[in-house]
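Here the structure is laid out as structure tokens; the discussion comes afterwards.
The values are calculated or read from the model by the stated rules, or taken from the named source; none is laboratory data. Quick caveat, the model's predicted, so the values are computed rather than measured. Glycine gets a Cβ as well: all are built from the backbone with ideal geometry, and neighbour counts include every protein chain shown. Areas reflect the complete protein model, heavy atoms only, side chains present, ligands, DNA and RNA absent. Shrake-Rupley method; radii C 1.70, N 1.55, O 1.52, S 1.80 Å.
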Amino acid sequence: MSSDTLRINSEREVSALLDEVISLCFESLPRRDQRKWARVYLNGLMSTSGKKTIRNIAGADAGSVEQSLQQFISKSPWDWTPVRRSLAQHIERSVQRPLAWVVQPVVIEKAGDRSVGVGRQFVPQLGRMANCQQAAGVWLVSGEAGFPVEWTLTLPGPWTTELRRRSAGIPDTARSRTPAQDAVHMVLRMADTWQLQRRPVLMEVSNADLAETIDTFTLYGIPCVLKVDGSLPVTLATTGRHKQSVHTTSARELIDSLRSQRRLVEWMRHGRADGAVTPLVAAVVHAPPGEEGATTAPVPLTLFGAWAEVGSLMPSEFWATNIQDLPLAQLFLLATLRDRVALDFDDVCEAVGIRDFEGRSFRGWHHHMTLASVAHAATLLALRGQKFAETPARADTSGGSRRPARAGTRVAGAVAQDAVEEGHPVAREQPPSRVERAGPLTLMGQTAFPHASPAARVHSLSPPPSPQPKPMPPGGQVKPCWT
């Protein structure tokens, strides 16, 4: 997709679209001149060719316009959070009902060392050391489109010194955390104050970050599906002839040992006309505790794996989830929504300059990412022929306050059968001798976490009348979750 995507529209149509965007998302900006420069910047992100720097956006009017844009982006003290929250609320209420919140990492490589948060560090996504910024966004995602609405920038330790904080305008509340910890905090902020319907969180985590991530999400009643590495050590109980023992193995070895229990799921790939048939299998496990000497009981997880590579003899993709009563095929389709984000990131988000900010301030970085997110939504809606206009919400959007659920809470999928939407079949896994097409994921009501406060209510996906997961019985043999 070209960087000047919206040139297919007339100037009048683009102008009308920007008017809608400003009125719906930027009403929190108190001054008319701020809304004016927000409009100019958005128009530049959506229509300027090449890199979306402030100088290029200013174009032939470089000078006074460039100076005003620099002031608006890097120095003006407007709060980006209400803008992002308004964007998310409008997307949920009038554009699409998201099926998941997807955490998407973004690596922004830099040549120098003065951009806020930059540092030489190992980047798992690149598989090498890089001089870069590490950021992450939360996307509201359905099967048709994904929209980034919230961002976090990971700060290496040196950026939290007093000198660096002062030079980049980094607030005292911003701390140095790992990228995974920053992502979890970002999700909790959204769940706490944004008044959105909570959705399952999809993200990729390292072996070291899994226990803390899953424990935190489960504590706050947030369902999650986490992509993990095949080397992840997992623990399960097995029964010998005379006693019960605890067996630890890798996720890859466990999933491969259950290959005879595989189910085949036929599904449509995101952004492509061809389908795929993928073998799946799952088991109930415990991940090792995150901290040595931890006294809390580990959270029971469903580990599922896929033979995603054609012709592969070994399983190649693995996920761990705290959702315990959703059919395996639906869990897999939920996990594939990360592919939808990857497509929209490459096709639209890159085109509107998500990586192009060249300033050095913390505030400027967040202002740019906010405006690029709005430009992404406007561009994608224009391409789909949709209006950026609000319609009445179809469901209660009160997310409640972020109160911990009681320890030991069991995370459940939705069970309201009467909420199944007509005409939207739900995926079912089938034994290898039979392949059945997996229907699209649909939104089917809400569920409460047992023993959790009302604030921990979660909206999720409802299974059809089909075999329920079967946790491994105490003292029983190792079995898959779905038989």
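Among the GluC sites (Glu not before Pro) within segment 97-193, not one is in coil by DSSP while having at most 10 neighbouring Cβ atoms inside 10 Å. Between R384 and K51, the FRET efficiency estimated from the beta carbon spacing at R0 = 30 angstrom works out to 0.70.
Here each label is just a point 7 Å from Cα along the line to Cβ, and for V123 and T248 those points are 3.3 nm apart. When the C-alpha to C-alpha distance is required to be over 25 Å, the pairs from K36/K75; K36/K110; K52/K110 that qualify are K36/K110.
Sparse packing (at most 10 other Cβ atoms within 10 Å of the Cβ) combined with a DSSP loop state is found for the following trypsin sites (Lys or Arg not before Pro) in segment 259-290: R272. For segment 17-166, averaging the sequence separation of C-alpha pairs within contact (under 8 Å, six or more residues apart) and dividing by the residue count gives a relative contact order of 17 percent. Distance between the modelled labels on E144 and D192, one decimal in nanometres: 3.4 nm (7 Å Cα→Cβ projection).
Straightening the chain between R12 and Q70 buys 18.2 nm, computed as 0.36 nm per residue apart minus the Cα-Cα spacing.
Checking the a/c ratio against 1.5 first, then a/b against b/c, what shape does the Cα gyration tensor give for segment 265-378? Could the numbers behind the result be given before it?
Details: a/c = 2.79, a/b = 1.37, b/c = 2.04.
Oblate, because a/c is 1.5 or more while a/b does not exceed b/c.
At 0.36 nm per residue, minus the direct Cα-Cα distance, what do D339 and S260 gain on full extension? Give it in nm, one decimal, please.
Values: separation 79, 0.36 × 79 = 28.44 nm, distance 2.76 nm.
Taking D339 through S260 to full extension adds about 25.7 nm, to one decimal.
Counting only heavy atoms of the protein chains, get the accessible area per residue of segment 66-186 (1.4 Å probe) and round it to a whole Å² value. Walk me through the numbers on the way to the answer.
On the way: 4890 Å² over 121 residues.
It amounts to 40 Å² per residue over segment 66-186.
Surface composition of segment 319-370: carbon and sulfur make up 39 percent of the accessible area, probe 1.4 Å. Qualifying trypsin sites (Lys or Arg not before Pro) in segment 20-71, where qualification requires a DSSP coil assignment and no more than 10 other C-beta atoms within 10 Å, comprise R31.
Placing R0 at 22 angstrom, the Cβ-Cβ distance between Q34 and T81 gives a FRET efficiency of 0.90 after rounding to 0.05. Quick one: if the Förster radius is 22 Å, what FRET efficiency do A308 and D346 give, using the C-beta to C-beta distance and rounding to 0.05? Calculated value: 0.70.
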